[in-house]
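A.B. asks: Quick one: the structure is below, questions incoming.
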Amino acid sequence: MTSTPFFSVIIPAYNAERFIEKTLDSVRQQTFQDFELIVVDDGSKDQTAATTEDFLKRYSMRGICIRQKNRKIAGARNTGIRSASSSWIALLDHDDQWNAQKLEKVVEKIREFPNAQFIVHEAEVIYAGNSKTSQKILLPRGLHNMHEHLLFRGNPICTSAVVFKKPDSECGKMFSEDEELFTVEDLDYWIHLAAKFRFSIIHEPLASIHWHEKNASADRILHSENYSIMICRHLKNYKKNKSIIIKIRTWMRIIQVMISTFLIKIKYCLKTI
């Protein structure tokens, strides 16, 4: 097969041996099959790469496993994006799964809105592998400004629920590999895209997101500190050339975020006493 695939599915993987086959199988079972699969083994110490390569060979799937030294999740995603042949990038984390109709539903949305640049759908979060303990991540309906929603109300977007146009090879922004944005590099990227493009939303849970002790954002202090740094950078830039009312609203949000971070630190410090 030499034709350019419709999607490039990017899976960053680190010590994912116990998750990766189930994740890969959810891609294999897609009802829309015009895709390539790119798994980036980000310096794993287990058999992630070997398991992936065996799976691809066993099912004759169009795909590769790229091995690299550890660059953390943003660096792994960026490697996958740069290696993609398709103009459409579909992200999937190594411990999540897609509904079998996920790509088919996304294609329908792209055909409905041919100028779409960024498509996101809803998801179900499953805690510690227990399907009986789950919750839906729902996206706001009637939303006209995703950029402001992300800045002022938080992040309803799961990485495994995102499909977007591949960034321009010369000047397109990639996921930030800044250490200060570790665990929040995804939201940083969504905010950047939302400032430029209108998001197309599918109000249907088409992915299962698994929350367990290995999740990068499980370190709540690190995550909250980096979230505060990232969101304050965007807010300070956002208020430039805005009205005094928007500037006041922006400063109030900055103060809110900083207080929240401080309280999280106090909470976790008290737990260790």
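None of the figures in this text is laboratory data; all of them are computed from the coordinates on show. A quick note: this is a predicted structure, and the numbers were derived from the prediction, not measured. When we count neighbours, we look across all protein chains shown, and the Cβ atoms used for this are built from the backbone with ideal geometry, even at glycine.
A.B. asks: Could you give the size of the charge dipole of the chain about its Cα centre, using +1 on the Cβ of each K and R and -1 on the Cβ of each D and E, expressed in debye and rounded to the nearest 20?
C.D. replies: 1060 debye
A.B. asks: Among TYR268, PHE19, ILE110, flag the residue with its Cα farthest along the positive direction of the charge dipole of the chain, charges on Cβ as +1 for Lys/Arg and -1 for Asp/Glu.
C.D. replies: The residue sitting most towards the positive pole is TYR268.
A.B. asks: In nanometres, what is the gap between the two model label sites at LYS166 and MET252, each 7 Å from Cα along Cα-to-Cβ?
C.D. replies: Inter-label distance under the simple model: 4.5 nm.
A.B. asks: Quick check: pseudo-label points 7 Å beyond the Cα along Cα→Cβ at LYS22 and ILE221, how many nm apart are they?
C.D. replies: With each label point 7 Å from Cα toward Cβ, the separation is 3.1 nm.
A.B. asks: I'd like the orientation of helix 244-272 relative to the chain: the angle between its Cα long axis and the longest Cα principal axis, in ° from 0 to 90, rounded to 10.
C.D. replies: 70 degrees
A.B. asks: Another one. Exceeding 24 Å between C-alpha atoms, which entries from my cross-link table qualify? They are LYS173/LYS236; LYS136/LYS166; LYS109/LYS165; LYS239/LYS267; LYS57/LYS136; LYS165/LYS247.
C.D. replies: LYS136/LYS166; LYS239/LYS267; LYS57/LYS136; LYS165/LYS247
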